[in-house]
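Visitor: I'd like to ask you about the structure that follows.
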Amino acid sequence: MNTFPLFFKFTDQPILIVGGGEVAQRKADLLSRAGAHITIVAPQISHEIRELLGDDKHSLITAEYDKQYLAGKRIVIAGTDDEALNHQVHADCQALNIPVNVVDTPPLCDFIFPAIVDRSPIVIGISSNGKAPVLARLTRARLETLIPQGYGKLAKLAGDMRDEVKSKIPTLTGRRQFWEKAFEGKVSELMFAGRSVEAEQALKQQLEQTHQQLSSKHGDDEQANTKPVGEVYIVGAGPGDPELLTFKALRLMQQADIVYYDALVSDEVLDLCRRDADKVFVGKKRSNHAVAQQNINQMMIDAANTGKRVVRLKGGDPFVFGRGGEEIQAMRAANIPYQVVPGITAANAAACYTGIPLTHRDHAQSVRFVTGFLKSGEPNQGFDSLTNPKETIVFYMGLHSIERLTTGLMDAGRDKDTPIAIVSHASLPTQQVMTGTLEDIVAKHEANPLPTPALLIVGEVAKLHDELAWYGEHISDSDQQAHALNMV
Ligand code: SAH
């Protein structure tokens, strides 16, 4: 570590910036946000700097640099395009022992401006010690995505309550446990969900409970650590590629005490759950109902009632053929707090990863998501409403009934030449696509069946796959003929 990170109070501190252009402006912007009194000295000062530092607090001096301007300054920044002048400023500062930064010139810097993640009052500074500023910025980008925006508000709330907590929880261990519970449980979740008033109430309630336990005759340090309030998170895990998870899904997965997951949740996604969490498979395969929905609901309720944070991890989006609605109805009835996190539904993933836009100004003005899972013996219904040639239809759970679905559409009047695509394992490395028409797809698929999960995309847009495909394997007509003729 050849520079040391310190967080310096610049409020009302005098700082000199030599230079009046863009470089100076960037530093002025940062330092003015930290509350510094900024003096700019340069023969020409840009319009932008004048706007930025327009109030009386700052001084703009239109003049050549002179070392008289260094007097009394806490730090100095040289950001001119005159190398000799930059060296001069550096030498003058050294003589007066004032820390100086010559922008983009590491050997002439006593201190470095880090890349900053600002969740005030939480602030993170990242430095590569001038070796790889781009890498520092990329590190920053990663942290930005990991740290919820609500962190700052959470820290502020904690700051506001700090004295009260100190007076009500006398021991250090007790306070540590109290804050851990607040930052990892309901209080933080409420804050991250934008419900700051409720977060404050929850924190006060948690403090009262802890306080009461401490003052009861059995109260001791151990008891201050009350059980966390259980909650259920119904989380969309997307189509399989872990990169398609939302930040929120990932965060909640990493907090889970127990995870109930479906057959469609990929191993790669499951691996991202908290290592210590119990992982319970409750998947339903088409013919084999592993765990009845009612039992899944009950398992979640029981776990939440023992104080656990329960993640219900579902393929795709919980509210698209995902029974998410039924599950939260059960949670409501049992008075269990819950949140629902959207996921990328299979239709969206399949569309993007195959180059089949679901809508397109020339081909489709609307799109429908329809279940293709027809209970045996049930008459085909609803095909009459699926005949609009300018509408895309996505059938979920339709591969097994592809013959009934295509025949049903043609019987209802949809053109037999309507393009159709079967997309298997959308977004996964094993993705495969087969295209054809309502008339010929069944025979094609029989000759070369694709594995489930798969969905069907019906409509003019399906033919765009040939032109726009960019991912995975495509079984085109010519491929199929070539395979048949043993040409490849
Ligand atoms: N809630 C899920 C859908 C569950 S229904 C979602 O929003 O995606 C299950 C059906 O989704 C499967 O039969 C299949 O049609 C489709 N499906 C799910 N994942 C898929 C994938 N990776 N590729 C293609 N289809 C998929």
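Visitor: Residues that are out of contact with any Phe, Trp or Tyr (no Cβ under 8 Å at 6 or more places or on another chain) and either surrounded by fewer than 18 Cβ atoms within 10 Å (Cβ to Cβ) or not in a helix (DSSP H, G or I) (or both): does the range 342-351 have at least one? Give the derivation first.
Guide: Quick first cut of the range 342-351, residues out of contact with any Phe, Trp or Tyr (no Cβ under 8 Å at 6 or more places or on another chain) only: 343-344, 348-351.
Checking which are either surrounded by fewer than 18 Cβ atoms within 10 Å (Cβ to Cβ) or not in a helix (DSSP H, G or I) (or both) leaves us with 343-344.
Yes: one or more hits.
Visitor: Going through the range 2-22 one residue at a time, which ones are of a type in the set (A, V, I, L, M) and at pLDDT 95 or above?
Guide: Here is the first cut: in the range 2-22, the residues of a type in the set (A, V, I, L, M) are 6, 15-18.
Scanning the range 2-22 gives Ile15, Leu16, Ile17, Val18.
Visitor: Okay, moving on. Would you pick out the residues in the range 327-341 that are surrounded by fewer than 22 Cβ atoms within 10 Å (Cβ to Cβ) and assigned to a strand (DSSP E or B)?
Guide: Those that are surrounded by fewer than 22 Cβ atoms within 10 Å (Cβ to Cβ) and assigned to a strand (DSSP E or B): Tyr338, Gln339, Val340.
Visitor: Can you confirm whether the range 379-393 contains a residue that is within 9 Å of the ligand (Cβ to nearest atom) and outside the structural domain of Val311 (by TED's automatic domain parsing)?
Guide: Taking the range 379-393 first, the residues within 9 Å of the ligand (Cβ to nearest atom) are none.
There is no residue in the range 379-393 that is within 9 Å of the ligand (Cβ to nearest atom) and outside the structural domain of Val311 (by TED's automatic domain parsing).
Visitor: Given (1) within 16 Å of the ligand (Cβ to nearest atom); (2) surrounded by 21 or more Cβ atoms within 10 Å (Cβ to Cβ), identify the lone condition not met by Leu409.
Guide: In the conditions (1) within 16 Å of the ligand (Cβ to nearest atom); (2) surrounded by 21 or more Cβ atoms within 10 Å (Cβ to Cβ), Leu409 misses (1) alone.
Visitor: Here's another thing I want to ask about it. Would you tally the residues in the range 307-319 being surrounded by fewer than 19 Cβ atoms within 10 Å (Cβ to Cβ) and within 13 Å of the ligand (Cβ to nearest atom)?
Guide: Looking only at the range 307-319, we keep the residues that are surrounded by fewer than 19 Cβ atoms within 10 Å (Cβ to Cβ), and these are 307, 319.
Those still in the list that are within 13 Å of the ligand (Cβ to nearest atom) too: 319.
Count: 1.
Visitor: Listed residues Gln25, Gln68; which is at pLDDT 95 or above and within 44 Å of the chain's Cα centre (by Cα)?
Guide: Details: Gln68 fails: within 44 Å of the chain's Cα centre (by Cα).
On inspection, the qualifying residue turns out to be Gln25.
Visitor: Have a look at Val458, Val442 and point out the one that is more than 16 Å from the ligand (Cβ to nearest atom), closer than 22 Å to Asp384 by Cα and β-branched (Val, Ile, Thr). Write out each step before concluding.
Guide: Working: Val458 fails: more than 16 Å from the ligand (Cβ to nearest atom).
After ruling out the rest, the residue left standing is Val442.
Visitor: State all residues of the range 313-363 that are acidic (Asp, Glu) and closer than 24 Å to Val458 by Cα; if no residue qualifies, say none. Lay out the reasoning, then the answer.
Guide: Keep residues of the range 313-363 that are acidic (Asp, Glu), which gives 317, 326-327, 362.
Those that are acidic (Asp, Glu) and closer than 24 Å to Val458 by Cα: Asp317, Asp362.
Visitor: Considering only the range 301-326, state which residues are in a loop (DSSP other than H, G, I, E, B), of a type in the set (D, E, K, R) and in contact (Cβ under 8 Å) with a residue 40 or more places away in the chain.
Guide: Initial filter on the range 301-326 (in a loop (DSSP other than H, G, I, E, B)): 306-308, 315, 317-323.
Cutting the leftovers down to of a type in the set (D, E, K, R) gives us 308, 317, 323.
Within the range 301-326, Lys308, Asp317 qualify.
Visitor: Scanning for something in contact with a Phe, Trp or Tyr (Cβ under 9 Å, 6 or more places away or on another chain) and among the polar types (S, T, N, Q), does the range 36-58 turn up at least one residue?
Guide: Yes, some residue in the range 36-58 is in contact with a Phe, Trp or Tyr (Cβ under 9 Å, 6 or more places away or on another chain) and among the polar types (S, T, N, Q).
Visitor: Here is a further query. Give me a count of the residues in the range 331-359 that are out of contact with any His (no Cβ under 6 Å at 6 or more places or on another chain) and either of a type in the set (D, E, K, R) or away from the ligand (no atom under 11 Å from the Cβ) (or both).
Guide: The first filter runs over the range 331-359 and keeps only residues out of contact with any His (no Cβ under 6 Å at 6 or more places or on another chain), leaving 331-353, 357-359.
Now narrow it down to the ones that are either of a type in the set (D, E, K, R) or away from the ligand (no atom under 11 Å from the Cβ) (or both): 331-341, 352, 357-359.
So the answer is 15.
So that you can scan it fast, the table gives a plain yes or no per residue for (1) of a type in the set (Asp, Glu); (2) at pLDDT 95 or above; (3) closer than 13 Å to Ala350 by Cβ:
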{"site": "Pro429", "(1), (2), (3)": "no, no, no"}
{"site": "Lys444", "(1), (2), (3)": "no, yes, no"}
{"site": "Pro451", "(1), (2), (3)": "no, yes, no"}
{"site": "Glu467", "(1), (2), (3)": "yes, no, no"}
{"site": "Glu473", "(1), (2), (3)": "yes, no, no"}
{"site": "Asp477", "(1), (2), (3)": "yes, no, no"}
{"site": "Ala482", "(1), (2), (3)": "no, no, no"}
{"site": "Val488", "(1), (2), (3)": "no, no, no"}
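The values are calculated or read from the model by the stated rules, or taken from the named source; none is laboratory data. Just so it is clear, the structure is predicted and the values come from calculations on it, not from any experiment. Quick reminder, even Gly has a Cβ in these numbers, built from the backbone with ideal geometry, and neighbours come from all protein chains shown.
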